[in-house]
Amino acid sequence: MSADDVIQAWDQADPTSIHPLRQVSEEAYWDSGRAQADMLATVIPDGAKVLDFGCGDGRVAIPLAALGYEVTAVDASQRMLDRLADRAPDLSTLHATADGVLNHLGRRKMDAIVSLAVLIHHDYKDSRYTISRLRAATKLGGILVLDWPVSDQPTEADSWIGVTTWSRQQQADACAEIGLEPVDSGLPWGVYRAVKAGS
Ligand SMILES: C[S@@+](CC[C@H](N)C(=O)[O-])C[C@H]1O[C@@H](n2cnc3c(N)ncnc32)[C@H](O)[C@@H]1O
């Protein structure tokens, strides 16, 4: 599936399909976002300018803003952003893909970028391209938290809700080429520092 197909599927998705906890309860869904924002705060410096890429309806972006971060919530689905705005009308949003983020920022860079449950649904080519754009939008020395899983049996997602997994070597090669240094964090996602490509 192309990135456009994945984005279109999310745009049309029933809100209950967005996250498994939604089928448990709304409270559990929003609690999970607050808990994940607290986890992200262990690796993102206080007061940082944070971009939540593929923010959905703000499950994590809204509690991150409540923790004092300067959050920009980005999604390619206007429907998702409208739901976010219903709940948090003052949160800064951007309707864009990763290329749109770079156009929007121009020479400005973010202190940190978070992207949870987004890249997992893209194929290798599109995930790698998107990660390279997100790296380009991050300050040197900044932090990226990417839901970018490795597996001993890597596979590419074959539907919008499927999950792409990478081999350790594939991921290490991509990090070196893109300019990402893994950070040992104990978090359930990949945490990386933005470094010069090839270093
Ligand atoms: C599973 S939801 C995750 C939402 C949120 N990150 C969370 O953890 O609750 C995936 C979101 O990523 C967005 N998305 C997927 N691919 C994207 C892309 N290439 N550019 C921008 N948004 C994207 C979808 O529109 C959808 O809102």
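Any read-out appearing in this document is the output of simple, stated calculations on the displayed coordinates, not a laboratory observation. Since the structure is predicted, the reported quantities are computational estimates derived from the model, not experimental observations. We place every Cβ from the backbone using ideal geometry, glycine too, and count neighbours over all the protein chains shown.
For the range 93-132, a residue qualifies if it is assigned to a strand (DSSP E or B) and under 27 Å from Val195 (Cβ atoms), and the qualifying residues are Leu94, Met110, Asp111, Ala112, Ile113, Val114, Ser115. Examine the range 45-67 for a residue that is in a helix (DSSP H, G or I) and β-branched (Val, Ile, Thr), and state whether such a residue exists. Checked against the condition, which is being in a helix (DSSP H, G or I) and β-branched (Val, Ile, Thr), the range 45-67 yields at least one hit. Here the range 135-179 is the region considered, the condition is being among the polar types (S, T, N, Q) and in a helix (DSSP H, G or I), and the residue that is farthest from the chain's Cα centre (by Cα) is Gln169. Note on the range 18-31: among residues that are under 18 Å from the mean Cα position of the chain (by Cα) and more than 8 Å from the ligand (Cβ to nearest atom), the one that is farthest from Trp160 (Cα to Cα) is Trp30. Take the conditions (1) touching a residue at least 40 places away in the same chain (Cβ under 8 Å); (2) more than 12 Å from the ligand (Cβ to nearest atom); (3) in contact with a helix residue (DSSP H, G or I) (Cβ under 7 Å, 6 or more places away or on another chain); Arg87 misses just one of them, which is (1).
Please verify whether Leu94 is within 11 Å of the ligand (Cβ to nearest atom), of a type outside the set (S, T, N, Q), surrounded by 15 or more Cβ atoms within 10 Å (Cβ to Cβ) and farther than 18 Å from Asp147 by Cα, treating the condition exactly as stated. Yes: the conditions hold for Leu94. In the set (1) assigned to a loop (DSSP other than H, G, I, E, B); (2) within 11 Å of the ligand (Cβ to nearest atom); (3) of a type outside the set (D, E, K, R), Met80 fails one condition alone, (1).
Reported count of residues in the range 166-199, each being in contact (Cβ under 8 Å) with a residue 24 or more places away in the chain and of a type in the set (S, T, N, Q), is 2.
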